[in-house]
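Q: Once you've had a glance at the structure underneath, I'll fire off some questions.
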Amino acid sequence: MTAALATVLRDAGRRLRQAGVEAPSREARLLAGAVLAAAPAALIAGSGRMIDANQRDRLEAAVDRRAAREPLSHILGRREFWSLEFRVDGSVLDPRPDSETLVEAGLVALAGRDRPWRLLDLGTGSGCLLLALLTELPAATGLGIDRSPAALAVAAGNADRLGLAARARFACGDWGAGLAGEFDLILSNPPYIPSDAIAGLSPEVALYEPRLALDGGPDGLACYRRLAPQLGPLATPGGTILLELGDGQADAVAGLMAGAGLVVGGLKHDLAGCARAILLHPAAGRRRRVGTGTSPAKKPFGNLKEPG
């Protein structure tokens with residue numbers, strides 16, 4: 001039995017509104033667009049369109065998932081970041097616009113986009129930070145580390161779809177432990193939510209995003225403490241380190257990093273004016289070896305296992 005798409009969309013929007021979803025009508029159209037393989041704008045123009053029973057069932061199943069507050073990106077299987085499409089699922093943190101602050105700061109730090117920079121992304125997740133930078137730095141290579149094999153599979157898949165598989169490597173590891181070599185730019189978006197605060201986050205985050213990528217310990221700083229002594233030895237002389245920050249964490253993280261001998265170069269703010277990233281350098285006196293043309297070391301990590 002066929003049904004009017006306009007009616008189905010109206011019912012879907014009402015259900016999503018009752019479930020507390022923001023912009024319910026827009027999300028209903030996005031779900032319909034995915035089910036019907038049509039652009040959301042085309043659905044508005046074709047308001048008199050009829051859909052068959054199979055299409056209606058599939059759309060209602062997608063609406064059921066969203067009404068349960070499963071993230072829209074998980075249902076669609078994709079999320080835009082840095083104007084690129086990344087595949088995502090429940091094994092990775094959803095890429096967020098605030099994290100683009102690290103990409104912007106990284107591009108400023110690496111003057112000369114055509115040089116063979118070496119990048120390291122600790123806790124790479126979907127690979128969005130590393131891969132966004134590699135699209136802007138055509139001679140650069142990068143290594144992404146994560147503890148989750150499932151996350152690494154997502155990241156490797158994203159690299160392949162973006163045509164970056166030849167310049168991006170991924171490996172299982174515990175932050176920088178076991179790594180060898182030096183990197184011109186080190187990035188990390190570590191878990192920084194205090195453990196007790198996770199339950200109070202939106203259901204999309206608290207129920208569906210991997211706790212491993214969220215939980216920063218009792219005060220949210222556990223992973224920064226782990227990273228602090230590892231970062232300096234992994235950076236080239238004069239290299240740059242960028243860490244994402246949670247709200248209100250700038251002073252505490254700066255203190256931890258300075259205590260480990262790193263030089264705090266400043267803070268980078270997101271579009272809302274929040275200090276979203278901290279810029280760090282190795283101890284003063286080390287000079288960057290700019291544009292050496294060296295390729296990644298033959299053994300860029302110790303006993304770490306590559307995915308697959």
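Q: Can you check what the net charge comes to around ASP196, using other residues whose Cβ is under 12 Å from the Cβ of ASP196 (Lys, Arg +1; Asp, Glu -1)?
A: Here the count lands on -2.
Q: Around ARG276, under 11 Å between beta carbons, what's the net of Lys plus Arg minus Asp minus Glu among the other residues?
A: Here the charged neighbours net out to -4.
Q: Please determine, in degrees from 0 to 90 and to the nearest 10, the orientation of helix 5-18 with respect to the longest principal axis defined by the Cα atoms of the chain, where the helix direction is its Cα long axis.
A: Long axis of 5-18 versus the principal axis of the chain: about 60 degrees.
Q: Dipole of the chain, Cα-centred, from +1 at each Lys and Arg C-beta and -1 at each Asp and Glu C-beta, to the nearest 20 debye?
A: The dipole of the chain has a size of about 640 debye.
Q: For the charge dipole of the chain, defined by +1 on Lys and Arg C-beta atoms and -1 on Asp and Glu C-beta atoms about the Cα centroid, which residue among ALA67, LEU245, THR101 has the Cα displaced farthest towards the positive pole?
A: Farthest along the dipole direction, towards plus: THR101.
Q: Go through 8-20, 238-250 and give me the packing order, highest mean Cβ count within 10 Å leading.
A: Per-residue mean Cβ counts within 10 Å order the peptides as 238-250, 8-20.
Q: Also, quick follow-up: Measure nothing fancy, just the Cα-based angle from helix 100-109's long axis to the longest principal axis of the chain, in degrees from 0 to 90, nearest 10.
A: It is inclined by approximately 30 degrees.
Q: Starting from 0.36 nm per residue, how many nanometres of slack lie between GLU136 and ALA23 once their C-alpha separation is accounted for?
A: Extra length available between GLU136 and ALA23 comes to 37.4 nm.
Q: So which chymotrypsin sites (Phe, Trp or Tyr not before Pro) in the stretch 54-136 pass both tests, a DSSP loop state and at most 15 other Cβ atoms within 10 Å of the Cβ?
A: Loop-located and lightly packed - none at all.
Q: Grab every C-alpha pair in the stretch 1-151, bin the distances at 10 angstrom width from 0 up to the longest one, and report whole percents.
A: 11, 32, 25, 19, 12, 2, 0
Q: A further question on this structure: Report, in whole Å, the centroid distance computed from the Cα atoms of the stretch 105-139 and the stretch 226-289.
A: So the separation of the two Cα centres works out to 16 Å.
Q: With +1 on each Lys and Arg Cβ and -1 on each Asp and Glu Cβ, how big is the dipole of the stretch 137-229 about its Cα centre, in debye rounded to the nearest 20?
A: My answer is approximately 240 debye.
Q: Suppose accessible area is computed on protein heavy atoms with a 1.4 Å probe; arrange HIS74, HIS281 from highest to lowest.
A: These residues rank, largest area first, as HIS281, HIS74.
Q: From zero outward in steps of 10 Å, how is the percent of C-alpha pairs of the stretch 3-89 spread across the bins?
A: Each 10 Å bin holds this share of Cα pairs: 18, 52, 27, 3.
Q: Can you compute the equivalent ellipsoid semi-axes for the chain, i.e. the square root of 5 times each eigenvalue of the Cα gyration tensor, sorted largest first and rounded to whole Å?
A: Each semi-axis is the square root of five times an eigenvalue, giving 40, 21, 17 Å.
Q: With each run of n ≥ 4 DSSP H residues scored as -39500 (n - 2.57), what mean residue ellipticity at 222 nm is computed for the chain after dividing by its residue count and rounding to the nearest 500 deg cm²/dmol?
A: -10500 deg cm²/dmol
Q: Which value in nm describes the separation of the simple spin-label points at ALA252 and CYS172, placed 7 Å from the Cα toward the beta carbon?
A: Simple spin-label model gives 3.1 nm for this pair.
Q: What size of dipole, in debye to the nearest 20, comes out for the stretch 1-132 about its Cα centre when the only charges are +1 on Lys and Arg C-beta atoms and -1 on Asp and Glu C-beta atoms?
A: 300
Q: If you don't mind, another one. Give me the percent of Cα-Cα pairs in the stretch 139-272 that sit more than 18 Å apart, rounded to a whole number.
A: Roughly 61 percent, rounded to a whole number.
The values are calculated or read from the model by the stated rules, or taken from the named source; none is laboratory data. These figures come from a predicted structure and were not determined experimentally. Note that each Cβ is placed from the backbone with ideal geometry, even for glycine, and that neighbours are counted across all protein chains shown. For the accessible areas, the whole protein counts, side chains as well, though only heavy atoms, and no ligand, DNA or RNA atoms are used. Shrake-Rupley method; radii C 1.70, N 1.55, O 1.52, S 1.80 Å.
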